[in-house]
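J.: Before I ask anything, let me first share the structure, which is written out below as structure tokens.
Values quoted throughout were computed directly from the atomic coordinates according to the rules given, and no laboratory measurement underlies them. In this text the structure is predicted, and so the values were computed from the model without any measurement. Don't worry about glycine lacking a Cβ; one is built from the backbone with ideal geometry, like all the others, and counts go over all protein chains shown.
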Amino acid sequence: MDIQIITGDITSLDVDAIVNAANPTLLGGGGVDGAIHRAAGPRLLQACRAIPEVSPGVRCPTREARITLGFDLPAQYVIHTVGPVWNGGGSREPDLLARCYRQSMTLAMEYDLASIAFPAISCGVYGYPPEQASRVAVRSLLDTPNGGPERVLICCFSDAMADIWRNALNDEA
Ligand code: APR
């Protein structure tokens, strides 16, 4: 597996799947969720609405992932995952965040995808400190069993964020 840290807009990437940092409703939001829905077009929201609720208003519980087509995006698929809201670190946040990356990679494996791009899940609205989130994420990706996507991109929205993730990758790899 080759993990690359890049800076850019994840909606522009021509990879098999981009990962969306969604919320449990899967009905869109701000941040990268809003950007992906804008770029994918209205069919993405229709596809998300078609995903069955597992409890009232919840289509994807925190730590799980769901997959849809990418519609107007260059990416063929969108893998929607819901990261933990940072609550100080004592509410299983690291485990829940690690599962987001693992579940996304499992879905990518099931769909036999060769490339996948992740945003910095939970590092925006959900307030997860990037220095900690990046180490959890890289560790989780490096522990992925063989057979998943060979090309893994972490698409950061700023150079400062990319530097944090590069440090994590250098320390964990
Ligand atoms: N491309 C790549 N990264 C992006 C983009 C983009 N177009 N837009 C934002 N980001 C970055 C943010 O700068 C942040 O580093 O994605 C990271 C995740 O931030 P959020 O999008 O706020 O996601 P998160 O912290 O997981 O919060 C999820 O926000 O948008 C809502 O519906 C979403 O309720 C959910 C919550």
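J.: How about region 116-172: which of its residues are on the phi > 0 side of the Ramachandran plot and within 12 Å of the chain's Cα centre (by Cα)?
T.: Passing the criteria: only SER122.
J.: Of all residues being polar (S, T, N, Q) and farther than 14 Å from CYS100 by Cα in region 123-150, which is farthest from the ligand (Cβ to nearest atom)? Just the residue, please.
T.: This residue is ASN146.
J.: Which residue pairs have Cβ atoms under 6 Å apart, sit 6 or more places apart or on different chains, and have a first residue in region 7-19 that is within 16 Å of GLU150 (Cβ to Cβ) and a second that is surrounded by fewer than 19 Cβ atoms within 10 Å (Cβ to Cβ)?
T.: ASP14/PRO74; ASP16/GLN76; ASP16/ALA114
J.: Which residue out of TYR126, TYR77 is within 22 Å of GLY41 (Cβ to Cβ) and either aliphatic (A, V, I, L, M) or surrounded by fewer than 24 Cβ atoms within 10 Å (Cβ to Cβ) (or both)?
T.: The match here is TYR77.
J.: Something else: In this structure, is SER104 touching a residue at least 60 places away in the same chain (Cβ under 8 Å) and either within 23 Å of PRO130 (Cα to Cα) or buried (at least 20 other Cβ atoms within 10 Å of the Cβ) (or both)?
T.: Yes; evaluated as a whole, the condition is true for this residue.
J.: Then there is this: Mind checking which residues of region 145-160 are within 12 Å of PHE118 (Cβ to Cβ) and either in contact with a Phe, Trp or Tyr (Cβ under 9 Å, 6 or more places away or on another chain) or part of a helix (DSSP H, G or I) (or both)?
T.: VAL152, LEU153, ILE154, CYS155, CYS156
J.: Follow-up question, since we're still on this one. May I ask you to say which residue of ALA17, ALA39 is under 14 Å from PHE71 (Cβ atoms) and surrounded by fewer than 21 Cβ atoms within 10 Å (Cβ to Cβ)?
T.: Within the list ALA17, ALA39, the selection yields ALA39.
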